[in-house]
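Take a look at the structure set out below.
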Amino acid sequence: MTSRLLWACIVLASTALLLGFTLDGPWLWLPAVLSLAGFWLLGEWRRWSWAASVSLVLCTALAAVGMALDLRAGWMLVSLVAALIAWDLSLFLAMLQSIPQVDGANKLEQDHLRRLGLAAGLGLLFGALALSVHARLSFWAMVLLGLVGILSFSRVVAFFRVESE
């Protein structure tokens, strides 16, 4: 199930980027998006361990270009969340395959998917809120809010690590 979800997330990330670039923007980015999708799918098929990380960086860069070009931000957000899920699942599957026999692999997989779904859902929710709420803040207020966000996120991650052990 996890490998099918991985492939679906790669396709979703690529499709969202494709829609974000082609609905309002120039079609000249179409080859870059299609190349990224093809490279990522090929990397997963060939089990290149480094392909997921490179693809995540490229997807993030393309989404940043889309945001800089004032394209539809919602598609860029969906693409990034799907790319993060695909990257995480790729690393998770590689970890599972590197261990000869995993006791309780189904439970481990279900727990991982549950936590990943929660993180992705919250990421989409907060991303959508960030895209829809417009507030004028000073630079130092943004730095302070960023630090509070990073600290809060690290506490949530620490909580889930303790909870899963």
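Computed from the coordinates by the stated procedures, all read-outs in this text should not be read as laboratory data. Owing to the predicted nature of the structure, the values given are computational and were not obtained by experimental measurement. Positions of Cβ are generated from backbone atoms using ideal geometry, with glycine treated the same way; all protein chains shown enter the neighbour counts.
Taking a ≥ b ≥ c as the square roots of the eigenvalues of the Cα gyration tensor of the chain, is the shape rounded (a/c under 1.5), prolate (a/b larger than b/c) or oblate? Oblate shape, in that a/c is at least 1.5 and b/c is the bigger or equal ratio.
Return the Rg/Rh ratio of the stretch 77-165 with Cα-based radii and a Kirkwood Rh. Kindly include the intermediate steps, with their values, before the conclusion.
Numbers: Rg = 16.6 Å, Rh = 15.5 Å.
That ratio equals 1.07.
Note on residue 53 and residue 7: their simple-model spin labels are 2.6 nm apart, each label 7 Å out from Cα toward Cβ. Projecting label points 7 angstrom from Cα along Cα→Cβ for residue 135 and residue 27 puts them 4.3 nm apart.
If you filter the stretch 19-89 for trypsin sites (Lys or Arg not before Pro), then keep DSSP loop positions with at most 11 other Cβ within 10 Å, what is left?
On the way: sites: 46, 47, 72; in loops: 46, 47, 72.
Listed in order of number, the matching sites are 46, 47.
Express in nm, to one decimal, how much length is gained between residue 120 and residue 46 on full extension, taking 0.36 nm for each residue of separation and deducting their alpha carbon distance.
Details: separation 74, 0.36 × 74 = 26.64 nm, distance 2.64 nm.
Taking 0.36 nm per residue and subtracting the Cα distance, the gain is 24.0 nm.
Using only the Cα atoms of the stretch 119-165, build the gyration tensor, take square roots of its eigenvalues as a ≥ b ≥ c, and label the shape rounded, prolate or oblate: rounded if a/c is under 1.5, else prolate if a/b is larger than b/c, else oblate. Before the final figure, lay out each step's value.
Details: a/c = 6.06, a/b = 1.62, b/c = 3.75.
Here the stretch 119-165 falls in the oblate category.
Shown here for the stretch 87-165: trypsin sites (Lys or Arg not before Pro) in loop regions (DSSP other than H, G, I, E, B) with at most 13 other Cβ atoms within 10 Å, namely 136.
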